[in-house]
Amino acid sequence: MALVEVRDLKMYYRTLRGHVKAVDSVSFDIERGKAVGIAGESGCGKSSMAISILRLLPRNGEYHGGSVVMNGQDILKMPEEQFRKDVRWKQISMIFQGAMNALNPVHRVGDQIVEAILEHEDVSHEEAVSRTKDLFDLVGINPNRFGEYPHEFSGGMKQRAVIAMALACHPDLIIADEPTTALDVMVQAQILKAIGELREELNLSMMLITHDLSVIAQTCDSVVIMYAGKVAEYGSVMDVYVNPTHPYAMGLVKSFPNIHAERSPVRSLPGFPPNLIAPPTGCRFHPRCPLADEECMTVEPPLREVSRKKHYVACHKAEIVEQGVDIWAQ
Ligand code: SF4
């Protein structure tokens, strides 16, 4: 059984102009000890899904159905107090977008992690300090820097400290929202390596949200490609990257430069993501899709398994795209 089963999850934002359908019937699994990447353009619902799983909705966020089952229990139905005590930090923790600013500048870095441990676990202050120093060591920070303030840390060290904080209560799953976006490429590579090693050492599951397909290729086992609040394609990284079967996924993969391929201009996808207050009927991608026909404009394509096992695609024409035709060639 998967560690987390997200099923038909719907989360909308209430606005004066109507509901923004940010997460709309999303389903996928996170296996124990594995990493799943969530990719897609800005505004496709990646971060909204993360906060939906962690029940950190803003005031205008509303669940409109679905479930998130973890260890056999629907965590969306738990009383808030039980969720806060038993799940958040202990079973699922999060590395937020903009982690460089996630540390409080007027508190010492070590103390901020100690505080997180004391808040969620019944341990003495000495034990929390000792565990924090161990965590510093684990993520590659000298434990002697326990008493320093965030401004004394480099960008990479701040990011490592935020990862240490996410590990503080031994979670089963870490949700990392764009964890390396603010870092230069050298530090990004070091952080990704550190995350990979920690995952292996601690048998951690991870949900990694990013718009950078190369980061997912480096760190994840499977990938969910989202478009306009829905899953467009979902499968192993190898299947989706080598045989992208949804036109949108194919467009994303082809818009990434490939150093092993012949030199050719990098392509971009035409058009823009839709307004999620009134998304297009049928397939939400149809206004941008070169294969769109009458059926695409009127009938919503279900997410279904294609010829490769555990490779799911929401497209009426998946069998045509599967044949390897480059539909974005012109
Ligand atoms: Fe394109 Fe139709 Fe497939 Fe949507 S269902 S991606 S419009 S071919």
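Only the coordinates and a few stated rules stand behind these numbers; no lab work does. Everything numeric in this text was worked out from a predicted model, so none of it was measured. Cβ placement follows ideal geometry from the backbone for every residue including glycine, while neighbour counts extend to all protein chains displayed.
General remarks:
- Here the Karplus curve 6.51 cos²θ - 1.76 cosθ + 1.60, taken at θ = phi - 60°, turns the phi angles of the stretch 241-253 into couplings of 6, 7, 10, x, 10, 8, x, 5, 4, 4, x, 5, 4 Hz, with x standing for Gly and Pro.
- Between the helical axis of 155-167 and the longest alpha-carbon principal axis of the chain there is an angle of about 90 degrees.
- Members of 21/158; 34/85; 10/85; 193/254; 77/254 lying beyond 31 Å, as alpha-carbon distances in this model show: 21/158; 77/254
- Nearest-0.05 FRET efficiency for residue 82 and residue 267, computed from C-beta distance (R0 41 Å): 0.25
- Per-peptide packing, taken as the mean over residues of other Cβ atoms within 10 Å, places 229-235, 129-135 in the sequence 229-235, 129-135 from highest down.
- Lys, Arg +1 and Asp, Glu -1 on Cβ, resulting dipole of the stretch 158-248 about Cα centre, debye, nearest 20: 180
- The spacing between the stretch 169-185 and the stretch 96-164, judged by their C-alpha centroids, is 15 Å.
- Other residues with beta-carbon under 12 Å from the beta-carbon of residue 15 carry, at +1 per Lys or Arg and -1 per Asp or Glu, a net charge of +3.
- Summed side-chain charge close to residue 89 - residues other than residue 89 whose Cβ falls under 12 Å, Lys, Arg +1, Asp, Glu -1: -1
- Length added when fully stretched, residue 107-residue 137, from 0.36 nm per residue minus Cα-Cα: 8.8 nm
- Computed extension gain for residue 121 through residue 275, at 0.36 nm per residue and net of the alpha carbon distance, reaches 51.1 nm.
- Relative contact order, whole percent, for the stretch 160-310 stands at 15, derived from Cα pairs under 8 Å and 6 or more residues apart.
- Cα gyration tensor of the chain - equivalent ellipsoid semi-axes, whole Å, descending: 36, 23, 17
- Net charge of neighbours whose Cβ lies under 15 Å from the Cβ of residue 320, counting Lys and Arg as +1 and Asp and Glu as -1: -4
- Karplus-derived HN-Hα couplings along the stretch 111-128 (A = 6.51, B = -1.76, C = 1.60, θ = phi - 60°), whole Hz, x at Gly and Pro: 4, 5, 6, 4, 4, 5, 5, 5, 5, 10, 10, 8, 10, 6, 4, 4, 5, 5
- Label-point separation, residue 130 to residue 15 (7 Å along Cα→Cβ), nm: 5.2
- Dipole size of the chain about its Cα centre, with +1 on Lys/Arg Cβ and -1 on Asp/Glu Cβ: approximately 660 debye, rounded to the nearest 20.
- Size of charge dipole - the stretch 65-114 - debye, nearest 20, with Cβ of Lys, Arg +1 and Asp, Glu -1, no other charges: 80
- Karplus-derived 3J(HN,Hα), 6.51/-1.76/1.60, for each residue of the stretch 305-319, Hz, glycine and proline x: 6, 9, 5, 7, 5, 6, 10, 10, 9, 9, 7, 5, 10, 4, 5
- Extents of the stretch 286-330, taken as max minus min of Cα coordinates on every principal axis and listed largest first, are 29, 26, 12 Å.
- Placing unit charges on the Cβ atoms of the charged side chains and taking the dipole of the chain about its Cα centre, the candidate lying farthest along the positive direction among 54, 205, 165 is 54.
- Taking all Cα pairs closer than 8 Å and separated by 6 or more residues, the relative contact order of the chain comes to 20 percent.
- Share antiparallel - DSSP beta bridges, the stretch 2-220, percent rounded to 5: 60
- Paramagnetic reach from residue 185 (point 7 Å along Cα→Cβ, amide N under 20 Å) across the stretch 235-270: 253-268
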